[in-house]
Structures are given as C-alpha cells and as structure tokens.
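What follows is calculated from the coordinates using simple rules that are stated; it is not laboratory data. This is a predicted model, so every value here is computed, not measured. Cβ atoms come from the backbone with ideal geometry, glycine included; neighbour counts cover every protein chain shown.
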Ligand SMILES: Nc1ncnc2c1ncn2[C@@H]1O[C@H](COP(=O)(O)OP(=O)(O)OP(=O)(O)O)[C@@H](O)[C@H]1O
Ligand SMILES: [Mg+2]
C-alpha cells in the first residue's frame, strides 16, 4: 500500500486527493471478487431452496431456472457499475497526474537571444558557483575559465569532483547559483534554448543508443545529413571498420540501449553522432574511456583535422587522453586547482603529477 502511494505521489500532487483515490481503488478491488462470491452464493441458495420446492411440487424447474437467470443478470449489472466506477476513479487519478505535467511551469525560462556577440566557439565561466536543484551542497565553487574558439580544453579530476556538472552548465541543463556562463559573449540565460543548444554537440558519459539501424543512430545528430557525411563522421570516430564488418553494415540494427554492442563501439557511435551535428562547441564527457590508446589517438587526430574550428572540451581520466590538449584544467572539489599544458602541469601541479606517476607506474607494471 505504501509503495503504491509513493508511486502515485508525483510532484506537488495533493496528498489528500491521492489518499481518497487509493481508498476508493482498494474498496473497488475488494468489491469485484466480493460481488462474484455473492452472486454464486445466491445461485446456490436458489438451487437449494428451489430443489426442495420442486420436490414438494410447489414449483417447476423452469421457474427456478428463470429466477437464477434474472438474479445473475441483475448482479452482473451491479458488477458492471462497480467496474465503471473503478475506471472513473483510475481515470481521475491519471488526469490529476497528467494535469501536473501539462500545467507545470518550466524551471528554465527561455531568453530571446539568437546569436552571440563574440567569435563563435568562445566560452566563459565567470566566477561560477553551482549546486544541483534540491541540494544545498555546492558542487562548483567560484570557477572562472575562458575557452577560446577552436581550443581543445581537457578537464581532469577525481570522480565526483564536478566535471560533468561544469560542462552541463554550457548547454544550460542547469542554471548557475552565482556568477554566469557565457557562450559567444552572451549569458546562456539570455539565449533561446534551441539557439543555444544548436551551438553545442555533446557525447554523454553514458552513451544513449536506440533500437534502430546504426545509420539512424548516427544521423540523430543531424536528420538531414547525407550518406557521405554519415560515413565521414563514422570514419572520424574510428567506427567505420567495425560498422562495415557488421552483418548489414550501416543498416545493422542496434538492440535497445545498445545492448548488442561493446562499450567502445557504443562510445564511437555516440561520438560520430556528436561530430555530425553542425555545432561550434563539442563536449566529450568521458566518451573515449573504453577505447584503446591507439584508437583514441587516431580519433583525436582525425577530429582535429576535420573540425579544427570547433571548440572542444574533453573530460577524461587518462593522462594519455589529455596530454595533447591545448590546456588541461585540473578540478578538485569543485574548484579549479590548476590550468595549463601537460608540461606546465607536470612541473607545477601536485595532483597532476600524482595522477601521472600512478598511471605511468601502472603502464610500467602492465608492460612487465
Ligand atoms: N542530479 C544530481 N543531483 C544531486 N547531486 C548530484 C547530481 N548529479 C551529481 N551530483 C553530485 O554532484 C557531484 C558532482 O557530480 P559530477 O557528475 O559533476 O561528477 P564528475 O566529476 O563528473 O564525476 P565522474 O568522474 O564520476 O563522472 C557528485 O558529488 C555527485 O554526487
Ligand atoms: Mg561525470
């Protein structure tokens, strides 16, 4: 009962209304079998009493059968009425929930700006602090960072330090608590959301694939893309070789949530999808973690060659994935601890040195 109550409870739903509806549902749920039992008990009673009267010659079997038929018809009618009330009650509960969705106010209010004022691909975090909605724990604290057009910036840091939170402020999945995020010189809150999100392509940490052919999974990034462009982005994402060797090439069906593919294959398809989108900012959130180092290096080389003008933000855990970036940002507990090139950080950032030592150490051990 508690579980059903929790399921029905949705958003700001009226608790009293839900409790009343639950009570009605429970009463009707018990009424249905109770009505059936009552009906058959009455039939048995008529048969029992009727048989005695037939034996005594006071009535005929035909009269008894007629009585049974009329009684069952009457009780069936009552049963139908019960079911009708049951359906009305379910419908009322569903309508209550539907109404909450239909009439809910969006938390992010759309601006009306369509285009930025600075060069396309500029991103600025201006003293940004942020906490997830419903949480008073700050995830990002006074983050300031400017990313130039065409630059590749890598973000590193321990798990849970706020990397995904930082990049999700760029397409305005959430609003900042303090400070501002600017894309092309304009605060993201001033953009029309579609205009802002058209500028940004994201390959998420968890690749979302759908139960459709590989081609359509890729062209999700740009439904009007030509066959040549789809093949070209698959090549950039280093996905073309495994796609071509699949049973039906680009027409091969992907199982629901990409279950028929390996982790690295899924990642490469979602990278191809992101690269296909004609955007000016590309965000990879740990999107190459399942690729071997050679494939990953080939991917970045092909990407830089094909889309040099795109601003790229790459979240990664491996030094090998970030060392070629123009700048590496080291995040710690929601703050920028250091920012610089691989060589600069090796000299100046203790955390980066530790990560470097642990990973090079591991590679050394593995090679032995
Ligand atoms: N939707 C959410 N609501 C509340 N807190 C969240 C939410 N998502 C993440 N957090 C918390 O915010 C912090 C930062 O999360 P975030 O996803 O940005 O970490 P991350 O650096 O990307 O970690 P990882 O390397 O594991 O992906 C974490 O402590 C996490 O528990
Ligand atoms: Mg993350």
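Once the Cβ-Cβ distance between residue 45 and residue 23 is put in as r, and R0 is 25 Å, what FRET efficiency do you end up with, to the nearest 0.05? Efficiency for this residue pair is about 0.20.
So what's the angle, to the nearest 10 degrees on a 0 to 90 scale, between helix 350-367 and the longest Cα principal axis of the chain? With rounding to tens, the tilt is 80 degrees.
I'm a student and want to see the number: the projected area of the Cα convex hull of region 83-155, averaged over all directions, in nm². Can you show the working numbers first?
Working: hull surface 38.1 nm².
Spelled out: convex hull of the Cα atoms, projected over all directions, averaged, 9.5 nm².
Need one number: % antiparallel among DSSP beta bridges in the chain, to the nearest 5. Please list the in-between numbers first.
Values: 18 of 37 bridges.
Within the chain, antiparallel bridges account for around 50 percent of the total.
For the Cα atoms of the chain, what angle does the longest principal axis make with the long axis of helix 15-55, in degrees from 0 to 90, nearest 10? Value to nearest ten degrees: 30.
Could you give the angle, 0 to 90 degrees to the nearest 10, between helix 263-276's Cα long axis and the longest principal axis of the Cα atoms of the chain? Its long axis makes an angle of about 70 degrees. Each label was represented as a point 7 Å from its Cα along the Cα-to-Cβ direction; for residue 117 and residue 356 these points are 4.0 nm apart. In angstrom, the C-alpha Rg and Dmax of region 123-367 are 18.2, 52.
FRET efficiency for the residue 346 to residue 309 pair, using the beta carbon distance and R₀ = 45 Å, is estimated at 0.95.
Please give the length that would be gained between residue 224 and residue 101 if that part of the chain were fully extended, namely 0.36 nm times their separation in residues minus their C-alpha to C-alpha distance (nm, one decimal).
On the way: separation 123, 0.36 × 123 = 44.28 nm, distance 3.14 nm.
Full extension from residue 224 to residue 101 adds 41.1 nm.
Placing a pseudo-label 7 Å from each Cα along the Cα-to-Cβ vector at residue 108 and residue 85 gives an inter-label distance of 4.7 nm.
Once fully extended, how much extra length lies between residue 175 and residue 72, figured as 0.36 nm per residue of separation less the alpha-carbon to alpha-carbon distance? Provide the component values of the computation, followed by the final result.
Working: separation 103, 0.36 × 103 = 37.08 nm, distance 6.34 nm.
The span from residue 175 to residue 72 would gain 30.7 nm if fully extended.
Note that region 290-362 carries a Kirkwood radius of 13.3 Å, evaluated over its alpha carbons pair by pair.
Residue 144 to residue 206: FRET efficiency via 1/(1 + (r/R0)^6), r the Cβ-Cβ distance, R0 41 Å, to the nearest 0.05? My answer for the efficiency is 0.90.
Taking 0.36 nm per residue of separation and subtracting the Cα-Cα distance, what length does fully extending residue 251 through residue 159 add?
Values: separation 92, 0.36 × 92 = 33.12 nm, distance 3.69 nm.
So the extension gain works out to 29.4 nm.
Under the criterion of Cα pairs below 8 Å and six or more residues apart, the relative contact order for the chain equals 17 percent.
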